[in-house]
1. How much accessible area per residue does the chain have, in Å², with a 1.4 Å probe?
2. Apply the Karplus parameterisation 6.51 cos²θ - 1.76 cosθ + 1.60, with θ equal to phi minus 60°, to every residue of the range 44-53 and state each ³J(HN,Hα) to the nearest whole Hz, in sequence, with x for glycine and proline.
3. What percent antiparallel are the DSSP beta bridges of the chain, to the nearest 5?
4. Using 31 Å as the Cα-Cα cut-off, could you pick out the over-long pairs in 42/161; 88/131; 58/112; 55/161?
5. Could you work out which residue, out of 27, 76, 141, moves most in a Gaussian network model of the chain, that is, has the largest mean-square fluctuation with Cα springs under 10 Å?
6. How big is the charge dipole of the range 120-193 about its Cα centre, in debye rounded to the nearest 20, if each Lys and Arg gets +1 on its Cβ and each Asp and Glu gets -1 on its Cβ?
7. May I ask you to list the aspartates and glutamates whose Cα is less than 18 Å away from that of residue 47, ignoring any residue fewer than eight positions away on the same chain?
8. Residue-wise, which Karplus ³J(HN,Hα) couplings in Hz belong to the range 4-17, taking 6.51 cos²θ - 1.76 cosθ + 1.60, θ = phi - 60°, and x for glycine or proline?
Amino acid sequence: MLIIGLTGYAASGKTEIANYLKNSYSFTIIEFSQIIEEEGKKLGLIKEGLSLEEKKRKLSEIGAEIRKKYNNEAIFAEFIVRKILEEKIEKAVVVGFRSLKEVETFRKAFGKNFILVFVYTDAKIRYERRKLQDPSFNYTFEEFLQRDSNDIKNLGLNKMKEASDYLIDNNSSLEDLFRNVDKMLKTIEAKLN
């Protein structure tokens, strides 16, 4: 079993890595945002027609509300762990870790088979990439960085880098990113075998 957790700031490339792991290595993708979106829809908190950035911001708010309501910072992590175990998923990439409590939940459940990866990308590059991803993106650079500030203040995202087993730099091309992922995966597999 191998569970790779991806963390990093908005638009750092976590989804690119997840898709690469799925397409090249047959990993199952599970996203925190997908779980939060499902809960948000059940509660009638998500409207259709939001831009990518608006939707991401709304999901961040909903996630914070649900965590607070149940007084459980790891509520979504617990749900995902159950899903992996119940569905007997052998290789999963879990996208969107935001807090140390979420990481602790996974480390407790999966031990050495859980690897946390911090994806690092300069803020200006992330901002430009998000503008390319989202045609209706109309936030200033400062407004874009506000989401980072919220994740730091509310969940402690800034502590995730130190808690990570690996750091992947995503300030270059997709080819370089994928090459770095390949190297990391070989190292992980060698340690686990």
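The values are calculated or read from the model by the stated rules, or taken from the named source; none is laboratory data. Since we're looking at a predicted model, the values are computed, not measured. Cβ atoms come from the backbone with ideal geometry, glycine included; neighbour counts cover every protein chain shown. Please note that ligands, DNA and RNA were not included when accessible areas were found on the heavy atoms of the full protein model with its side chains. Shrake-Rupley method; radii C 1.70, N 1.55, O 1.52, S 1.80 Å.
1. Working: 10230 Å² over 193 residues.
Each residue of the chain exposes 53 Å² on average to a 1.4 Å probe.
2. 3J(HN,Hα) across the range 44-53, in whole Hz: x, 9, 10, 9, 7, x, 6, 5, 4, 5.
3. 0 percent
4. Distance filter (> 31 Å) returns 42/161; 88/131; 58/112.
5. Between 27, 76, 141, it is 141 that shows the largest mean-square fluctuation.
6. On the way: 13 positive and 14 negative charges, 20 e Å.
Approximately 100 debye in magnitude.
7. Residue 47 reaches 37, 38, 39, 61, 65, 134.
8. For the range 4-17, the Karplus curve yields 9, x, 10, 9, x, 6, 3, 6, 7, x, 4, 5, 4, 5 Hz.
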